[in-house]
Structure formats: C-alpha cells, structure tokens
1. Scan the stretch 366-385 and tell me whether some residue there is polar (S, T, N, Q) and more than 27 Å from the chain's Cα centre (by Cα).
2. Is it true that Ser55 is more than 28 Å from Tyr346 (Cβ to Cβ) and free of Cβ contacts under 8 Å to residues at least 40 places away in the same chain?
3. What residue, of Ser749, Ser704, Ser729, is modelled with pLDDT under 95, under 38 Å from the mean Cα position of the chain (by Cα) and outside the structural domain of Phe425 (by TED's automatic domain parsing)?
4. Kindly list, by first and then second residue, each pair from a residue in the stretch 549-577 that is assigned by TED's automatic domain parsing to the domain that holds Ala504 and more than 16 Å from Glu502 (Cα to Cα) to a residue that is among the small types (Gly, Ala, Ser) and surrounded by 12 or more Cβ atoms within 10 Å (Cβ to Cβ), limited to pairs with Cβ atoms under 6 Å and residues at least 6 apart or on different chains.
5. Can you tell which of Glu41, Glu9, Glu65, Glu22 is crowded, with 17+ Cβ neighbours inside 10 Å and either of a type in the set (D, E, K, R) or in contact with a Gly (Cβ under 7 Å, 6 or more places away or on another chain) (or both)?
6. Considering only residues that are in contact (Cβ under 8 Å) with a residue 40 or more places away in the chain and basic (Lys, Arg), look in the stretch 111-164 and name the one that is nearest to Ile7 (Cα to Cα).
7. Find the residue count for the stretch 68-81, including only residues that are buried (at least 17 other Cβ atoms within 10 Å of the Cβ), more than 13 Å from Leu136 (Cα to Cα) and in contact with a strand residue (DSSP E or B) (Cβ under 8 Å, 6 or more places away or on another chain).
8. How about the stretch 577-599: which of its residues are in contact with an Asp or Glu (Cβ under 7 Å, 6 or more places away or on another chain) and either of a type in the set (Asp, Glu) or part of a strand (DSSP E or B) (or both)?
Amino acid sequence: MDMKKWILENVKDFNVYVKTEEDLKIKVILPFLKALGYSEEDYRFENKIEVVIGSKKTFVFSDIEVIVDGNVELVIDVKKPTNSIAEKDILQSTSYAKLISTPAALYATTINGIDCVTTNTITGRRISGIPTKAELLKDINHSKKKEYTEIEIREIKSVLLTLLEPKELYKVINTCKDIIEKKGLIRSDQSFKEMTKILLVKMNEERRVKTSEGQNRFNIEYIAASSYTNKISEIEVFENLFSDAKNKYPDIYDTQDERLLIKDIDCLIEVIRQLEAFSFLGTGDDIKGAVYEIFLKSTLRGDFDQYFTPREIVDFIVNFADPELGDTFLDPACGSGGFLIQAFNYVNQKIIDSPDAELERKKKFSVLVEKSIWGNEADYDLHVLAKINMIMHGDGWNNIYQGDTLSSEKLPNEHFDLIMTNPPFTIKYNFPKVLSKYELGIGKDKEELDILFVEKSLQLLKPGGDLYIVLPEGLLNLNKYEYFRKWLLEKAHVLCSISLPEGAFIPFGGSVSKTCIIGLRKKGNPDKEIMKPNYIFLGRAIEVGYENGKKSHKKTDKNDLEFFIKKSKSIFENIQVSENLGECGWIKQDKITPYRIDASFLLNLIDREKLNERFSNLVPLKEICDVENISETIRAGELYNYLEVPDISPETGTISNIRILEGSKITAGSLYKFYPGDILFTRINPRKSRVAIVPPINGFGVVSKEVYRIVIKANNDFINESDKYVLLSLLQSEYVRNQIVRLAAGSSSSRARVHSQDLLDAVYVPLPSKKKQKEISEGNIESVNRYWAVSQGILQKFVNIQKELGTNIDKNDIRSI
C-alpha cells in the first residue's frame, strides 16, 4: 500500500497537524499499520537496549516494534517530518534490528511520513514502504535467518555507538590528536598523516570481520598478546597490521615504504584504546567531520582556498544531478571526498534497489568501484583522506589522484558523464605554460582559478555531460565577468542556477564569499545538438540546514535545498516560496543572456510576468528616472553636511540628523554630493531599504558613494516632477524591494550591491493613478519635513539640557535620535 496516497486520503491537514515524531507515530503510522493488517497486540513501544563496548556505553530506543510468535520481526524508527532520511538513520535502525532479538528482526524501517525505507537485515535489500502483515508472515517463513557471532555482534554495537555518540567520537579524536602530538612527539603538521595510518588499519580490521576473514585485531588485547607470543614490540605488531592494510589498499600512499612515525608504545596503545570501541566502515560522515574539524580546519587553507563542502550542499547537488548506474563521475577538486562518497552511495543504492539477481548486482557494484569514481586533489594529505573516506564508505578509491588538476594528464578529456565539484575560490593562477592550454587563459599573465576549473571540467566532460559546480556568485552577475558568461553560454546549456545564503561557508573554513551552484550541460558539435534542456531550475536559498555565518556547524531543521529538490521534480509556472522564504522557479533556456545568469536576477524575470498580471501599468525605472551622482573632493579645512549610511533608518528611510563636520574628520577622500529635497537610494545591502528624502538643510551635503542620487527624468510620461516623492514609497514597497534585493550582486557576504544599470533596467514599478501619485508624494514630503523639525527640536533640547548638566556635547556629535 502506498503510504503517501494513504496519507492524502486519510490524514487531514498533514502539514498543519503533524509536526513531531510523536504526532507522526500517533496520527499517521499506527493508523497506517492498522490498514496494513497489524493490531495493537503486535506492538511494543520505546524498548531500550544498552550498548556496552569496553568502557563505552550508550542506550538506543526503538519507536515501534512488531512482534510475531514472540520474536521482534519489524523495527520502525520514526523521524520528524521535516527531517530527511539520511544513510546513517537507515544504518542505525538496521543495526538496532540486528541486536533486538535472537534471531535478528527481519526488517528495519526508517520513516518520516514523507519518505519510508525498509531494509531486509539479511540481504540488505531495501524497499519504499512497509510490508503488510501478510507479506511479513510470508517473508519470515521463506527467510533463512542467521545468528550473529560474538565478533559480528561487537561490530554491530560499535556501529550503534559511533552513530549515537558523535560528541563522544569528536572528543576521542581530539584526545587522539593530543596524545599523538604530546606523547608521541609528532609535529602538528605531521599528526594528521599518523592518524590516517591508524584509521586505515582500523578500517582494514573491520573489513576482515565483515568479509569473515578473521577477528578484528585493532584492540589492545590482541596487540599485547601478539607482542608476547611473537616476542616483538607492540609497535612492530601494529606496523605488521599497517603492512596488511597497505597490501589490501595499495596506492593509498605514494610509496609502499610509508611507515609509522609513532615510536612511543604508550602513545600507540592509548590511541588504540580510545578508538577501538567505534566503527568506521559505513559510518564515515561523523569521523570525516571530526578529523577535518580537529586536524585540518585551522591549517588547511594554505596556498589554495580549500573549504570543506557542507554535507547539505553536497546532498543537494548529488540528488539534483541524479547520477545513473554506468555514469563515470569526477570531482577535480575532491578535497576529502564528499561529492564522491555521496555519489557512490547514491548509485550503490540504485544497485541495491534494482530487481537484478545477486550476481548481476555484484558485477554492477564492481564497475562502480573500479571504473566510475574519479577524483583529483592538489593537497597530498587531503587526497589520502579522500581515499580513506571512500574506504570508510565502501570502496572506490583507486582512481583518486594527487596533483595540479589544470596540468594533470591522468584525467582523460571527454571521458566523464558527470562532474560535481567545489574548486578553490578567488585566487589567481599564473603559470603561463598551463594558461596557454585554456581558451580563457591564453594570452593572459593570470586568470582566476575557479574560472579555469570550469573550462577544465568542460574539457573533461563528454558532449552532453553535466557539470555541477560551486562558484562565487559574482562570476554570474558582476559586469567584469561578462566575458566569462559569454564564453560559458557558447560552450554549455544551463541546467540550474542556485543562490546560496550569505555566510554559507563560514563554518567550513571561514570563507565569506557569497556563493552559488550552477549546473551546466556541455554542448556537442554544431551539427549534432546535444539534449538541450528547455527549462532552467532557479533557486534562492535562505536556509540550508545549518546556521549561516557562524564559525561552528550547528544543524537546523530549516533547509530550502530539500524544498528545491522536491519542487524540481516537475516544471511549474511562477515562483514557489518555502516556509523560510526561499524561492524557486523555472525559466526558459532561451530567455537567458550573458548579462546575468544568477538565480536572483532570473527569478526577477519570472516575477515580472506575475507583476504584469497583477498590475496593468508596470514600468521600468529607466523610463521614469536616472541616477545622477556628483563627486565632491573632501578638503580638510572646509565644513560639510555629512550623512553616513547608518544615519538613514533601515525601516522608514527617515533621517533625524545630518552632522556638520570638518573635512579633516571625514576619512573618505571623495564623496557624492546631495541637495535638500533629493531622493537618495542606498545600493549596498538593499534588504535594509534605506531610501530617503533629504530634509531641509542649509547648502549641499555629502554621502558615501554607496548611495545613489535618484533624479526624475524631465518630461517623462509617468510621474510629474512635482509628484516625484511618490518614488520613495514605490522603492520601499514589497514588490519593488523584492526585485531590488534579488538584483544585489557580488561575492562577499555583507557587501552585495545593486548596480545603477541593473536598478534602472531591471526594476519595474507599479504606477498608481496620477491623483494617487500626487497624494502620496505630498504626504511623503510633508512627513519628512515634520519629522526633521521634530527630531531637530528633540536633539537640540537634549543637548541644551546636557550642557546645563556639565556634559561636553554638541548636536554634531549625535547621528540620530
């Protein structure tokens, strides 16, 4: 029975009334189970298992268990409807099902009310949905259940401990770093390499258990016993284990002679003691994150601006790209392997879910790990971590290379079906011999590395292959990069343009760049048109699943990227808005030009069609007004009416004071001039809506060059000069402000600006009747003048009182009331 269809037919207002896990369990899952033939007598709730490994202990609870003939056969783990189902959620419920009874439960289900994944604990096969009671009874009867050995049970417990105690894992990895550096006397720049060697040994030992090759020897009991039996030191025992791991995974290091640098026995034993309770195979996200955070984050950037790509962004790109079985995919700046791991998981799940026989699925998996996954990384240590991460997640590390991607000969041109990458940002590449190999580098002394990565990626793709790349958003909207956009649109069709929020990369290396994701499809020869996408998906994300702009990564339930994935499944008209006010829509391929290809600008084009339907008299600003800026050189000995951007109210645009200062106290050498009654528009951070009418001052004033002076065009057909102050209200109105905010361009998190040409050409205003214009204009100027008179009176009275009380103060010391 299809659960979504059942919910639509039986659960009224799901989005309104089903918010929590308990809501989902009581209002949806239990009634749904009843419809599947289960009864109340079949259930057990909130059953607790204690998981103990050595000195480590945790508890895990089931939400719902279904019992048949005294044995638990189905375990259901309930997630909040707003939380997407992650691979580790499925692993957690499956591990619990294996431990809950002997023999193990046959099925483990992970469900959030929208998605549902049920895993067969014996075969690993997954289905979408929950089996009916009749299907469950049939499957129990036909299944060949197994009892797990003590070695296997310990590994399952290790998996649960790792998944349930990420903070403990973080603490342990931090402790290991401290032990390696202080007790092992390994330099901080070398300790990461030693940690990767230890991780490789641990993963090889876990693999041995999984493939029934023997016990897990990564424990202090085995190390001590082997040392005693073979009359060798504990260090030598571990070096033998390291040799076994290198033999199993050749080419992880540049040379097989790579040896352990740790020579302190107590140091090694303590690190093993700390790590042995945890499981690294299949649970790699938390380990990768902890290793990155502790060993690499503070020292990673170096010569190349290297940033860890947030899992939420990786997941979006992989899901949107939808890699297929048989695709060869590459990350040419793979870092620690995030894109490759998720693409591997994504395709591997398709293999698991396929109806093929087991032998055929094994063949397809072999192709996936041996031929499909490719990566390249400039940093040697990171490329080692990428290989180890691939092993953590199931293999596929043999085509990951180290070196300069732009000059590499290991990556064949026109070989790849899909490239997903987040290359280094905002740095210049200045190697003439390599630049001469690129259309965008030939004849230049230098070019930006991210631009060259786009060209390199398109070289590597087959015609018709897809590229998804994270870039500074300025490449898509700043005038100085129009040459790049023109070249790009000659080489590729656009698949998607996604604007990411300010500060999205601050928790992952400190980058303040305003970033975006662009999807491209490489064009073929002119005489053979490659599948041209007729529509481009656009998204402007406000929330991405974690707090933006914070130094540390803190997850939240708000994620517009998940909303975008759902909405991208079908083409729709107009703009769809998420609960977080993120926006998405579709635009025809033929409507884009090199002028700008960022999501915000293109969403404005869609919005304009909607505005045209709502307002019959929609007019571009260029038909009504101009931007006229007059530069004024600031001289030290002269007095100026000096207005700063923060002096303009971000809510109403009102100005309560304009200070009179000597030029020597003004830091800028040149500012823009304004006069009483002028309309001023602040171009920086337009969300603040700092649009103002200059109050009645004596003479002219000066203001930051972030502020435009708006002048009504003489003899325009839309607004009379005498009614020009209606522009204040129009520019502050919601429909117009939304257009302006979307037009803000730049690659810095707090310095996005609206350029004058964009403001005039691309912002459309709905015009009230002439009578209404006059009414609004007169009301605005009257309010400004009255507010100015009152605020000046308040300030003067305040200053007079303070002077009487002995305060040394002047009205020109105060910026606003």
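1. yes
2. Judged against the criteria, Ser55 is not a match.
3. Every option except Ser749 fails the conditions.
4. Cβ pairs passing all conditions: Glu562/Ser84; Phe563/Ser578; Phe564/Gly539; Ile575/Gly585.
5. Exactly one of Glu41, Glu9, Glu65, Glu22 is crowded, with 17+ Cβ neighbours inside 10 Å and either of a type in the set (D, E, K, R) or in contact with a Gly (Cβ under 7 Å, 6 or more places away or on another chain) (or both), namely Glu65.
6. Only one residue tops the list, namely Lys133.
7. 4
8. Val577, Asp598
The values are calculated or read from the model by the stated rules, or taken from the named source; none is laboratory data. It should be emphasised that the depicted structure is a prediction, and the values quoted were computed from it without experimental measurement. Every residue, glycine among them, receives a Cβ derived from its backbone with ideal geometry; neighbour counts consider all protein chains shown.
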